[in-house]
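Inspection log for the structure reproduced underneath, given as structure tokens.
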Amino acid sequence: MSKPTQNSVYKVSANKKRPSASGLEFIGPLVCSVEETPDPISTVIKGEIPSWITGSFLRNGPGRFEFGESKFNHWFDGMALMHRFHIKDGQATYSSCFLRSDSYVQNAEKNRIVVSEFGTLATPDPCKNIFARFFSRFQIPSKHQLEVTVACDHKFRSFRENIRSEWTKYIAINAATAHPHYDRDGATYNLGNSYGRNGFFYHILRVPPGNGKNDVADLSGAEILCSIPASDPRKPSYYHSFVMSENYIVFIEQPIKLDPLKFMLYRVAGKSFHKVMSWNPELETIFHVADRHTGQLIKTKYYSSAMFTLHQINAYEDNGYLIMDMCCGDDGTVIGDFTMENLQASGEELDKFFNSLCTNLPRRYVLPLDIMEDEPNDHNLINLPYTTATAVKTVTGVFLSHEDLYNDDLLQYGGLEFPQINYTYYNARPYRYFYACGFGHVFGDSLLKMDLEGKKLKVWRHAGLFPSEPVFVPAPDAKDEDDGVVMSVVITPREKKSSFLLVLDAKTFTELGRAEVPVDIPYGTHGLFNEMS
């Protein structure tokens, strides 16, 4: 990477962090196993849930952390529990069930963990001889899908069309992300990978729109739109999502590297494989840009200093530039840190764990799409009045520096993650608002609304309450971008069976109502609202 010079327009990240915490509340009850509720039960409505909301608010996350005497080591390893709040005429019911994945079924049959996961190694059969146990550790673990199909006695609909295991029936790939994108015509895009004699490749995938029957995409029509070779064919990068605008798809190759050789050695040694990932801050972050219609990669190399990202906020094009807004951090070691031991810590140990975590903050990167060959090096190529992001041509490509999409008041809420927008009408288009969880604790402890005009915050926060990722639902007669509601499942470690679905007015960010449900709900990951009844 070309190094910044004293007089250049390169910028270095300020590496801002939230204030250190002390005396954090114990959150162990939020990561305990719970029972499923397969038959819908009534909720108690406090306030008012708008009568125009009709559909299912669906969420998922780990909900079972042991089988018999064996326990999972990492939060990611817990068995997927799917939740449904069905809303109609201002009322709501709740139901849930465990995803009967191969992992779940095999573990349940043996009443112990027999399938290895991200942070938990399992030997399928302790009665095998030493040679059989040796070879069993080379088997690829079967991980449950976190954003997949809700399939519990046919009581829930599918709410993710793209099941990782289903992709492989039609395309020679190993996996697909939990964050597909959708275009205006209903086609689905995702990102997968493969590994072979030619090295490691990242693949941009496209599935054509469904045929109208059950609104399910036709995976038989899936195709690889573009293949991107890894910058290091021996050490691919970890990824969680990708960026899509109206005409482009961007894969961000970040310096969180996976070591396949170490993976095999760890398996032989009987170690969990979340430690095969390493954060390499000396490496650059590379932005691979592909034409969404042709699959052709742009030859320009876009890169930045090392950064870590899980979730895109939005991306759009403006006057020859591609604007990408994302939640980013400067330390990618966070993925392996969410062990059950750390999450169930208390007192000084919990404070220490939280204060060691990276602060994720919203950033804007701007990519100039039309670069003249005779453009001189070492000056900013961006000429947009509303951003301070820079893009500098170098001898090796274009070096990107970000704009911070926040004021310092965000730091008191711990930064943010799990961003959501008015996706239906503003995805891949210029937008003004996004919603997220604030992280003043290990798990989200506030809901935030960011107004990009002035980078102003609205906040919903109450001590002892931990809200999930906010989901925006537009009002049927919406005139403004933020006409609608924001929904989130709120849980607490202070009192058992005190969970509720929260409904906020998206414009004012004040509470409209809640649906209280007398069950324990563990802290989850992602969700969506399905307007289908």
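The values are calculated or read from the model by the stated rules, or taken from the named source; none is laboratory data. The structure displayed is predicted, hence computed values, not measured ones. Every residue, glycine as well, gets a Cβ built from its backbone with ideal geometry; the counts of neighbours run over all protein chains shown. These accessible areas exclude ligands, DNA and RNA; they are computed on the full protein's heavy atoms, side chains included. Shrake-Rupley method; radii C 1.70, N 1.55, O 1.52, S 1.80 Å.
Based on Cα coordinates alone, diagonalise the gyration tensor for the range 284-335, multiply each eigenvalue by 5, take square roots, and list the semi-axes in whole Å, largest first.
23, 14, 11
Roll a 1.4 Å probe over the protein chains and send me the accessible area per residue for the range 28-531 in Å².
42
Taking a temperature of 4 °C and a viscosity of 1.567 mPa s, what whole-number D in µm²/s does Stokes-Einstein yield for the range 290-416 with Rh from Kirkwood over alpha carbon pairs?
Details: Rh = 16.9 Å.
So the translational diffusion coefficient is about 76 µm²/s.
Which whole-number percent is the relative contact order of the range 359-445 (Cα, under 8 Å, 6+ apart)?
It rounds to 26 percent for the range 359-445.
Dividing the convex hull volume of the alpha carbon atoms of the range 348-423 by its residue count, what do you get in Å³ per residue?
Dividing the Cα hull volume of the range 348-423 by its residues yields 163 Å³.
Sort 462-470, 388-396, 371-379, 41-49 by packing, meaning the average of other beta carbons within 10 Å per residue, with the highest value first.
Going from most to least packed, we get 462-470, 388-396, 41-49, 371-379.
In whole Å, what are the Cα extents of the range 28-531 along the three principal axes, biggest one first?
67, 63, 55
With θ set to phi - 60°, apply the Karplus curve 6.51 cos²θ - 1.76 cosθ + 1.60 along the range 299-309 and write out the HN-Hα couplings as whole Hz, x wherever there is a Gly or Pro.
6, 4, 8, 9, 8, 9, 5, 4, 8, 10, 9
If Thr309, Thr294 are ordered by their accessible area, calculated over protein heavy atoms with a 1.4 Å probe, which sequence runs from highest to lowest?
From most exposed to least exposed: Thr294, Thr309.
Go through Glu511, Glu69 and list them by solvent-accessible area, largest first, probe radius 1.4 Å. Kindly include the intermediate steps, with their values, before the conclusion.
Working: Glu511 75, Glu69 175 Å².
Ranked from most to least accessible, the order is Glu69, Glu511.
Once the other residues with Cβ under 12 Å from the Cβ of Arg184 are scored (Lys, Arg +1; Asp, Glu -1), what is the net sum?
-1
Write down Rg/Rh for the range 219-263, rounded to two decimals, with Rg from the C-alpha atoms and Rh from the Kirkwood relation over Cα pairs.
We get a ratio of 1.04 for the range 219-263.
Compactness ratio of the range 448-496: Cα Rg over 2.2 N^0.38 Å, N = residue count?
1.42
In the range 28-531, carbon and sulfur make up what percent of the accessible area (probe 1.4 Å)?
Using a 1.4 Å probe with all protein chains present, the range 28-531 comes out at 49 percent carbon and sulfur.
Leaving ligands, DNA and RNA out of it, work out the accessible area of Met487 with a 1.4 Å probe and give it in Å² to the nearest 10.
0
Would you mind checking Lys88/Lys479; Lys301/Lys393; Lys71/Lys496; Lys257/Lys299; Lys17/Lys257; Lys449/Lys479 for any pair whose Cα atoms are more than 20 angstrom apart?
Distance filter (> 20 Å) returns Lys88/Lys479; Lys71/Lys496; Lys257/Lys299; Lys17/Lys257.
Using per-residue counts of other Cβ atoms within 10 Å, averaged over each peptide, order 412-419, 232-239, 501-508 from highest down.
Output ranking for 412-419, 232-239, 501-508: 412-419, 501-508, 232-239.
Which order, highest average first, do 284-291, 447-454 follow once you tally other Cβ atoms within 10 Å for each residue and take the mean per peptide?
284-291, 447-454
Can you compute log10 of I(q)/I(0) for the range 469-533 with the Debye formula, treating each Cα as one identical point scatterer, at q = 0.12, 0.18, 0.24, 0.29 Å⁻¹?
-0.35, -0.72, -1.08, -1.28
Residues of the range 500-515 with the amide nitrogen closer than 14 Å to a label point 7 Å from the Cα of Asp480, along Cα-to-Cβ, please.
Once the point is set 7 Å along Cα→Cβ of Asp480, 505-510 turn out to lie under 14 Å by backbone N, inside the range 500-515.
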